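Presented below is the structure to which this report refers.
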């Protein structure tokens, strides 16, 4: 009799613990966000917390890495990708509720830290001249293999005939935020990274930058989606991200909003 009593108690405690864990995750969901969103999303999340009293766990990194992690079952509830193709592929694999919504299009900048010999301009003539004069030894971009902003940087450099000249001088960030750190720290003479990061006062005061023309790379169409099993707080934040207050913050950080209502 005592054995059955203790067994019942053990089962009760086990399931109670699981229930509490699930509830905690639901009320404090993990959000996987592309690193170009670091400053914009932190500002948006602060407004969301103030309005709803709900907490979030924001993680920033490369979209390609998050794509792999979510595909392998990582417990993220919302994925904000810098490349919509990752969202489409996750949906095809049955990992997301739907194909998500386009929330913004990103832009890239050419950046030179203070005291750098690099003169920044939209068509990168200054970079070409600095390379010809052997005045560039290190140049930072995100890793094109898994970071959409790194891929856009590669496309822009190739289009201007500078990719081969820079091959041995590239410093690859794990994500675009790390590429910005390399470019602004003075350890590199320049770099290409997200406009949204350059607009931050923390970054902009460290050097000069210029917005690169959109025709130098394929559009950085950024899409977000709820992962299957997402809880109420993640759903509320997903909806909040599509409201005017959040859209205004995206604009403040240089993102181009969809012309039509998000869909």
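The C-beta contact set for region 155-181 (first residue over 20 Å from residue 132 (Cα atoms) and in the same structural domain as residue 145 (by TED's automatic domain parsing), second residue at pLDDT below 95 and surrounded by fewer than 16 Cβ atoms within 10 Å (Cβ to Cβ), distance under 8 angstrom, 6+ apart or interchain) is empty. Here residue 80 meets the list (1) crowded, with 23+ Cβ neighbours inside 10 Å; (2) farther than 16 Å from residue 235 by Cβ almost entirely, failing just condition (2). Filtering region 124-137 to residues that are buried (at least 16 other Cβ atoms within 10 Å of the Cβ) and either under 25 Å from the mean Cα position of the chain (by Cα) or part of a loop (DSSP other than H, G, I, E, B) (or both) leaves 124, 136. Return the residue satisfying two criteria in turn: it lies in region 156-178 and is assigned to a helix (DSSP H, G or I) and out of contact with any helix residue (DSSP H, G or I) (no Cβ under 7 Å at 6 or more places or on another chain), and of such residues it is nearest to residue 32 (Cα to Cα). Checked region 156-178; the qualifying residue nearest to residue 32 (Cα to Cα) is 178. Within the span defined as region 109-120, every residue fails to be under 22 Å from the mean Cα position of the chain (by Cα), surrounded by fewer than 20 Cβ atoms within 10 Å (Cβ to Cβ) and modelled with pLDDT of 95 or more.
Results for (1) touching a residue at least 12 places away in the same chain (Cβ under 8 Å); (2) surrounded by fewer than 14 Cβ atoms within 10 Å (Cβ to Cβ); (3) farther than 20 Å from residue 67 by Cα, shown as yes or no for each residue.
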position	(1), (2), (3)
219	yes, yes, no
224	yes, no, no
230	yes, no, no
236	yes, no, yes
245	yes, yes, yes
252	yes, yes, yes
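So for region 56-73 (the condition being out of contact with any helix residue (DSSP H, G or I) (no Cβ under 8 Å at 6 or more places or on another chain), assigned to a helix (DSSP H, G or I) and crowded, with 24+ Cβ neighbours inside 10 Å), does at least one residue qualify? Scanning region 56-73, I find no residue that is out of contact with any helix residue (DSSP H, G or I) (no Cβ under 8 Å at 6 or more places or on another chain), assigned to a helix (DSSP H, G or I) and crowded, with 24+ Cβ neighbours inside 10 Å, so the answer is no.
Only residues that are surrounded by fewer than 22 Cβ atoms within 10 Å (Cβ to Cβ) and in a helix (DSSP H, G or I) were counted in region 83-93, giving 5.
Inspect region 254-262 for any residue being in contact with a strand residue (DSSP E or B) (Cβ under 7 Å, 6 or more places away or on another chain), modelled with pLDDT under 95 and under 26 Å from residue 28 (Cα atoms) and give the result as yes or no.
Yes, region 254-262 contains a residue that is in contact with a strand residue (DSSP E or B) (Cβ under 7 Å, 6 or more places away or on another chain), modelled with pLDDT under 95 and under 26 Å from residue 28 (Cα atoms).
Set side by side, the residues 188, 234, 153 differ, and just one is at pLDDT 95 or above, assigned to a helix (DSSP H, G or I) and farther than 27 Å from residue 96 by Cβ, which is 153.
The values are calculated or read from the model by the stated rules, or taken from the named source; none is laboratory data. Predicted model, so just to flag it, every value in this text is computed and none were measured. Because the Cβ atoms are built from the backbone with ideal geometry, glycine has one as well, and the counts that use them run over all protein chains shown.
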